[in-house]
1. In the range 34-55, which residues are surrounded by 14 or more Cβ atoms within 10 Å (Cβ to Cβ), at pLDDT below 70 and outside any helix (DSSP H, G or I)?
2. Of the residues that sit in the range 173-196 and are of a type in the set (A, V, I, L, M, F, W, C) and touching a Leu at 6+ places or on another chain (Cβ under 9 Å), which one is modelled with the lowest pLDDT?
3. Can you pull out the residues in the range 270-295 that are within 17 Å of the chain's Cα centre (by Cα), among the polar types (S, T, N, Q) and surrounded by fewer than 21 Cβ atoms within 10 Å (Cβ to Cβ)?
4. Scan the range 308-329 for residues that are farther than 18 Å from SER277 by Cα and hydrophobic (A, V, I, L, M, F, W, C) and jot them down.
5. Tell me whether the range 71-89 contains one or more residues that are in contact with an Asp or Glu (Cβ under 6 Å, 6 or more places away or on another chain), at pLDDT 80 or above and closer than 29 Å to ARG177 by Cα.
6. Consider only pairs whose beta carbons are under 6 Å apart and that are at least six residues apart or on different chains; among these, list those whose first residue lies in the range 233-254 and is within 14 Å of TYR308 (Cβ to Cβ) and at pLDDT below 85 and whose second residue is outside any loop (DSSP other than H, G, I, E, B) and among the aliphatic types (A, V, I, L, M).
7. On the basis of being farther than 22 Å from ALA83 by Cα and of a type in the set (Phe, Trp, Tyr), does PHE119 make the cut?
8. May I ask you to list the residues in the range 56-67 that are farther than 12 Å from ILE185 by Cα and modelled with pLDDT under 80?
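The values are calculated or read from the model by the stated rules, or taken from the named source; none is laboratory data. Because the structure is predicted, anything quoted here is derived from the model rather than measured. Every residue, glycine among them, receives a Cβ derived from its backbone with ideal geometry; neighbour counts consider all protein chains shown.
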Amino acid sequence: MIDSSGLDVHPDPRPPSREVDESVLSPDHTPLAPNVPFRTSSRGLEQFIAGRTLLSGDSLAWSDLFVQVYSRRQNQEPFLVPAVAEPLVVWVMSGEAMVEERDLDGEWQGAHVTVGDFFLTRTDRPYEMRWRVLGPDPFQVMHLYMSVPLFDRVAVDVLGCARVPRLRDVSGGQDPRLAHFLALIHAELNAEDRGSQLYVEGLAQSLAVHLIRNYASNDEEGDRQTALPGYKLRRAMAHIEEHLAEPFNLAELAEKAGMSAFHFSRLFKKATGMSPSRHFIRQRMVRAQQLLQETDLSIIRVGIAVGYSSPSHFAQVFRRETGILPSRYRRN
């Protein structure tokens, strides 16, 4: 448990499609689609998702990133998404939708997304997806795939070790700094010359550092089979996002996942690299940064909005997590 202070109390960047001989299996172990690969490339993935391509980064400037902007259909029936080798970020640029995902042996988990929300995945297993657009605006998204060589090189440099980390899945997340990088990348994609190679390389490296610092999972390869299932992890993270202004409640989170508090906490840490309470604090600070950057709320009101009744406690936790005080963050 934690109190309101926030302290704990209790190769080629675009590889060819790689099909395997096995068919993808449904939850009852029958073939789901005889020709669907377990894995595909960033370019190959689009044959599985209906929509219209609006922009694409295909010049030499985009060797470290493969970026495309799509207009998606209003209602998408369930379809199988093969695993992709590259880290993938999907950024919502227009519209509002209810997006649902599930593992092949799991339950549907929904995320209500709107402009600025993002998805992050580097899954080694296929999964299913569907969505329903809400409102009149077109549903437009930007897909960004980071080259594996760049990601691996930056990971080793940032972490100082040979083992390249996994990225944890995020569905319908919010991250102001990530959104800033993505907006810069989109602007460069729209540039008349379709982008400066030097500038795009710098953005790609900065984005890789941000992803590794904030979304890397430190679980060992051998722990993956005992990590929290993806749909339960998404359910827990969604519950955390919805209750940031309330005291942290491990028992309630564990109940949502259908586990004991001890078992849930251990598996959550294996899946994300941090305890549930640590993740809770970090998400509070992400929300606080967003409010400081995008609203005119006073710093006191921002603190209250993320669960801190004491301004001094909020400032203390914010500085511990970000390195600067809320007032300085807003000025910057």
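1. Residues satisfying the conditions are VAL36, PRO37, PHE38, ARG39, THR40, SER41, SER42, ARG43.
2. Residues of the range 173-196 of a type in the set (A, V, I, L, M, F, W, C): 178-179, 181-185, 187, 189, 191.
Applying the additional criterion that residues be touching a Leu at 6+ places or on another chain (Cβ under 9 Å) yields 178, 181-182, 184-185, 189.
Numbers: LEU178: 94, PHE181: 93, LEU182: 95, LEU184: 94, ILE185: 93, LEU189: 88.
Checked the range 173-196; the qualifying residue modelled with the lowest pLDDT is LEU189.
3. Passing the criteria: GLN283, GLN290.
4. ALA315, ILE324, LEU325
5. Looking through the range 71-89, none of the residues is in contact with an Asp or Glu (Cβ under 6 Å, 6 or more places away or on another chain), at pLDDT 80 or above and closer than 29 Å to ARG177 by Cα.
6. Note: no pairs meet the criteria.
7. In short, no.
8. ASP58, SER59, LEU60, listed by residue number.
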